[in-house]
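Report on one structure; see the data block that follows.
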Amino acid sequence: MSWRSERIWIELIAGSRKTSNFCWALILFLGSFGFLLVGISSYLGRNLISLFPFQQISFFPQGIVMSFYGIAGLFISSYLWFTILWNVGSGYDRFDRKEGIVCLFRWGFPGKNRRILLRFLMKDIQSIRIKAKEDIYARRILYMEIRGQGAIPLTRTDENFTPREIEQKAAELAYFLRVPIEVF
């Protein structure tokens, strides 16, 4: 999603609150919780889950391993839920021709450096770069080449742009910033 006028372009960046992240966090939570319940039921000697009779799984070694995987999965699931809650990676890109400043803002993990803000002068932008990697999983990433700073990614690595979409986005941005396009 973006907003544009003659002098200002604001591009909103979606963070970790995506449908796929919700699905993975839920699947991982349910699976790891099930593993933990099976491990606990083998230790207690009674059925906490009716699908698996406790007599079929002995506590040593299967129950211990199931409990370990359940606990590990719950930790990973909680990590995913917290990244969704904090919306890590969301933010905006603001290109202001009137003031000649580019601001890139992202939310990170809580702490001293939760707010990530990068500012550049527009005259320091050398080019807009498209990096395309064509193999089993094709990736196309849009970068902004800054003099003395290197290349800064503007799109996420998990966004699946078609070649036409990434070229159009790069062309519009390069035209707005009045810089050339490079393809790698």
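The angle between the Cα long axis of helix 64-86 and the longest principal axis of the Cα atoms of the chain comes to about 30 degrees, rounded to the nearest 10.
For every helix of n ≥ 4 consecutive DSSP H residues, a contribution of -39,500 (n - 2.57) applies; sum these over the chain, divide by its total residues, and give [θ] at 222 nm rounded to the nearest 500 deg cm²/dmol. Could you put the intermediate results ahead of the total?
On the way: 3 runs with 64 residues, N = 184.
Calculated mean residue ellipticity at 222 nm is -12000 deg cm²/dmol.
Volume of the convex hull of the chain (Cα atoms only), normalised per residue: 169 Å³. Highest average first, the peptides 36-48, 111-123 ordered by how many other beta carbon atoms sit within 10 Å of their residues are 36-48, 111-123. Amide H contacts for E182 (H built 1.01 Å from N in the peptide plane; partners 5 or more residues away or on another chain; cut-off under 5 Å): I128, R129, I130.
Which whole-number value in Å³ per residue fits the convex hull of the alpha carbons of the stretch 20-86?
Each residue corresponds to 73 Å³ of Cα convex hull volume.
Ratio of Rg to Rh for the stretch 98-184: 1.00 [Cα atoms; Kirkwood radius as inverse mean 1/r over pairs]. Projecting the Cα atoms of V179, P163, A138 onto the charge dipole of the stretch 128-184 (Cβ charges, centred on the Cα centre) puts V179 farthest toward the positive pole.
Work out the length of the dipole vector of the chain about its Cα centre, built from +1 on the beta-carbon of each Lys and Arg and -1 on the beta-carbon of each Asp and Glu, and round it to the nearest 20 debye. Show your work: numbers first, answer last.
On the way: 24 positive and 15 negative charges, 103 e Å.
My answer is approximately 500 debye.
When you restrict to C-alpha pairs under 8 Å that are six or more residues apart and normalise by the size of the chain, the relative contact order lands at 17 percent.
Extending 7 Å from Cα along the Cβ direction at M122 and again at R147 yields two label points whose distance is 1.5 nm.
We did not get these values from a lab; they are worked out from the coordinates using the rules stated. Not measured: the values here are computed from a predicted model. Cβ coordinates were reconstructed from backbone atoms using ideal geometry, including for glycine residues, and neighbour counts include every protein chain displayed.
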